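The next block holds one structure in the form of structure tokens; read it before the comments.
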Amino acid sequence: MSEDFTIGVDLGTRYAQLAVDIPGRGVELIPNRWGQTKIPSMVAFTKDGLVAGEEASRAALTSPDMVWWDMKRHLGTDWVARVHGRTYTPEELLLPLLSILREDAEAHLRAFVSSCVLAVPAHFSFLERGALSRAARQAGFDRVRIVNEPTAAALSTGIDGRFLIIDFGAGTLDMSLVEGEGGVFQVIESHGRKDIGGLDLDRLLAERMCRNAGVPLSRPGDPRATLMMLEAETVKIELSSANRVVWRVPAGLSGGGKSVEVSRAEFESLIKPIMEDILIMVEKMWRKYSPKRLLTVGGSSRVPMLRRMLSERVREPDRTRLRPEDAVATGSAMYAHQGRERLLIDVLSKSLGIMNSDGGVVLLLRKGSPLPAEARQIFTAYGNGAIEVTIVQGERKVRSIGRVLQTLTIDKVSDGEIVEVFFRVDGGGLLHVEVKRKKKTSRKTIALDSDESGVVACDLPTEMRLREERIARLSMSYPDNFQARLLNITRDARSLRNDDPSLQWQVLETLDRMISELEQVASP
Amino acid sequence: MKRDAKYEALGLSPDASWEEVKRAFRQLARIYHPDVAGPDGARKFAEITEAYMTLKEITSGDRHAPSRHAPASFGESAGGGVEIKESFFRRLWRKLFSRKRARIDADAGEGEIPPVRARFIGSVISRAESEIQGILSRKGEFTARSRTDAVIRRLKSRHPAVVILALRQISIRSANGEMAEATIEHFRKNMPMSETLEQVLDVFSNSPRRGEFASAMLSHLHKFAERDALVLLNRIKRWKLSREYLKPFLSHGSPSVIAGALNCWPDEMDGRELPEISGLLVRDEEAILVPLLRLLKRRKHQDGTGRIGWLMREHPSPAVRVWASAIVRDQNLS
């Protein structure tokens, strides 16, 4: 069946884009129902409930206090949107957006789409990644992979050798140093800032435009402020190709109908401090690694000043065939076929550790480790009760700047019991935690509820294989007919491999009980 | 010593440079990365990453990487921890195995399992067997359920193309009772989009449950636009459903819909529905009155209220006057 499309999703702060890599046809961008490949990342509350995309951007002009477009910046925090006495978390707001993206892809591909690669900013924490992948699963994507935006963009370029890629989007600035060699793209280091983006440029420009036109600046949340931001965005884009733009104040604003001129020089003097910040980051990376090439992607990288400053102080950015806005979506779509022609190896952007009972931190995975990476820690219980495992992320001086991700509580441990905790960070930086408990004979895995705790359950196939081994060992001493029956049991258990996980858990329990009873009788 | 082992893990000699380390790592990653080799490669990949990370410190001279004089807690967690674990496992393994081997030897010595124990083992196995059979009987439910969920989720979409995709899935699987059930339930709660109405009706055209489905649709009839109501009416006519399904159309807002329902009304009527039909005589629209009078004439209706006589004399439409006078003539003749 043609149902195994995996789409690449660039969920930008301002626009979302979709792409799909169809074997034999290459990567193509997916247009939405209105024929656009750029879909506003907006969600609005209207009389029909939550709407997203183009519909939401139309609502932005009429009721801007009911429109959100910066959910991504709020992920993993306790920010909520309030509407008519109800609150919506960033995840809930992303749900309609991700749903319409999936539907647009389905309509275009004429098939159900249930797996995706989601690009996230490189500085996203485990919590933010977990929250986003949860939202995507709720929006109907059964399989979700996460990839970092700058590294996805690097994948789409397909360049060999060492290069620095800068992704300057509407809400974030990310840069990655990547080495490409023989189809393997290895990320050496990634940096990101979530306080620098194209929207900040728009805001500065909007203030200046208002002052020039003598229009009072509206407060955020005022319908006119949203309108002003959209006006500033248009003027900013025009200033990329023109030296001066005449802005006609729209009728919705006070002083409507007036026209004022904005020049590129004026705009550049406004954004100089931001550009300086970016240049300092770029120069630091450049000195550290002295890469061969420099690439810029993301819509905001079209600002001529950035290119000029980079050429003057660092190096002339490469000109690629790819449109800078499309690079992330294209790369994400290619990542769906990771391992075939191209292999992307990302790095852990923040160290991962656990806090001891005395407050000290044990580092489990070091920043810069190639992904996927795994680690495990063994705890021995002293006395009965519960063990608390506090997972932290941050740099080496974790104690001071580390951020507590989550506290796992392992209940009902008995004195001397050994508890093993497995940490696995997958290729996209999603953290999976699994707790294994061993008593004398039984090994139990606590399934952490993935929808509540931000971590997902353990690997069922491995568990099943362990049981099979033990049954096989037990049956060695049995008569033939028992051996045959045990073999049948394992075969039946294995036949559930692709079925409901809860059924598989039940089978595991049955097998565990059988094994422990058989072992009891074996060793008096 | 340990350092040499790391070089060996990457297939390198101990004097390899940082560039060589990276190249070797990438070549091995091309083979063992879990995205290439599947989950079986994970262990091997973990080994080469660990070797890579250690050699990175040694060979790159990267001052940002933790130096070898890192705090003790760090060094121990990276290296020592693993060793403790391994030795722990080895001990456990040895314990399990030695015990088992002893037992196997004992069993072999006895030649056979004592009957009491054999009976016990037999009962344990048969209990497990029956439990697993019970679980197996529910196999496939999950995939069917998640399929249905996926289809229903798409039926709720406001994107016509997505709804049509879902409908195609339903028609492929129309034999699946659960799917039909869920679809009818969905349409009982939600009105179909105008753009997809025809396709929705197509799905149920050949289904034995189309009557049930039609009544689900009829619960939304008052919200249907004229064109959609006519489409539904035509289907109901084609599906040869009973007149119960036609009744809701008589109260639709559009005269053409009422006329359509009257046009396909079966001739034989029972006494109960007559008042409802003749009640429509109070309407003034020609579009309703013509088919209504035609139906009443076939039914040999008696004009009790004088409304038909009035229509014959006063209604502006000649067609209405002709049909009304035909009824009055029949009445006079009898």
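Has the stretch A:395-405 got at least one residue that is surrounded by 19 or more Cβ atoms within 10 Å (Cβ to Cβ), modelled with pLDDT of 70 or more and either part of a strand (DSSP E or B) or within 12 Å of chain B (Cβ to nearest Cβ) (or both)? Working first, answer last.
Step one: filter the stretch A:395-405 for residues surrounded by 19 or more Cβ atoms within 10 Å (Cβ to Cβ), giving A:398, A:402, A:405.
Imposing the further condition that a residue be modelled with pLDDT of 70 or more reduces the set to A:405.
When the remaining residues are screened for being either part of a strand (DSSP E or B) or within 12 Å of chain B (Cβ to nearest Cβ) (or both), the result is A:405.
Within the stretch A:395-405, one or more residues are surrounded by 19 or more Cβ atoms within 10 Å (Cβ to Cβ), modelled with pLDDT of 70 or more and either part of a strand (DSSP E or B) or within 12 Å of chain B (Cβ to nearest Cβ) (or both).
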Legend entry - Listing of helices (runs of 4 or more DSSP H) fully contained in the stretch B:120-217 that carry 2 or more residues being under 25 Å from A:ARG137 (Cβ atoms), β-branched (Val, Ile, Thr) and in contact (Cβ under 8 Å) with a residue 24 or more places away in the chain: B:141-155, B:160-172
Inset, instruction - State whether one or more residues within the stretch A:137-152 are touching a Cys at 6+ places or on another chain (Cβ under 7 Å) and within 14 Å of chain B (Cβ to nearest Cβ). - result: yes
Legend entry - B:VAL282 being surrounded by fewer than 13 Cβ atoms within 10 Å (Cβ to Cβ) and more than 45 Å from the chain's Cα centre (by Cα): yes
Inset, instruction - Can you give me the number of residues within the stretch A:187-226 that are over 20 Å from A:GLY299 (Cβ atoms), in a helix (DSSP H, G or I) and either under 33 Å from the mean Cα position of the chain (by Cα) or not small (Gly, Ala, Ser) (or both)? - result: 8
Inset, instruction - Pull up the stretch B:23-44, narrow it to residues that are more than 7 Å from chain A (Cβ to nearest Cβ) and in contact (Cβ under 8 Å) with a residue 12 or more places away in the chain, then point me to the one that is surrounded by the most Cβ atoms within 10 Å (Cβ to Cβ). - result: B:PHE25
Inset, instruction - Just need a number here: residues in the stretch B:177-192 that are surrounded by 17 or more Cβ atoms within 10 Å (Cβ to Cβ) and small (Gly, Ala, Ser). - result: 2
Legend entry - Matching residues, the stretch A:210-224, being surrounded by fewer than 17 Cβ atoms within 10 Å (Cβ to Cβ) and out of contact with any helix residue (DSSP H, G or I) (no Cβ under 6 Å at 6 or more places or on another chain): A:ARG211, A:ASN212, A:GLY214, A:PRO216, A:ARG219, A:PRO220, A:ASP222
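Please go through the stretch A:227-243 and give me each residue that is part of a helix (DSSP H, G or I) and either without any contact (Cβ under 8 Å) to a residue 12 or more places away in the chain or closer than 16 Å to A:ILE271 by Cβ (or both), ordered by number. Working first, answer last.
Here is the first cut: in the stretch A:227-243, the residues part of a helix (DSSP H, G or I) are A:227-239.
Answer for the stretch A:227-243, where residues must be part of a helix (DSSP H, G or I) and either without any contact (Cβ under 8 Å) to a residue 12 or more places away in the chain or closer than 16 Å to A:ILE271 by Cβ (or both): A:MET229, A:ALA232, A:GLU233, A:THR234, A:VAL235, A:LYS236, A:ILE237, A:GLU238, A:LEU239.
The values are calculated or read from the model by the stated rules, or taken from the named source; none is laboratory data. Keep in mind that what you see is a predicted model, and the values were worked out from it rather than measured. Heads up, the Cβs are rebuilt from the backbone with ideal geometry, glycines too, and the neighbour counts pull from every protein chain shown.
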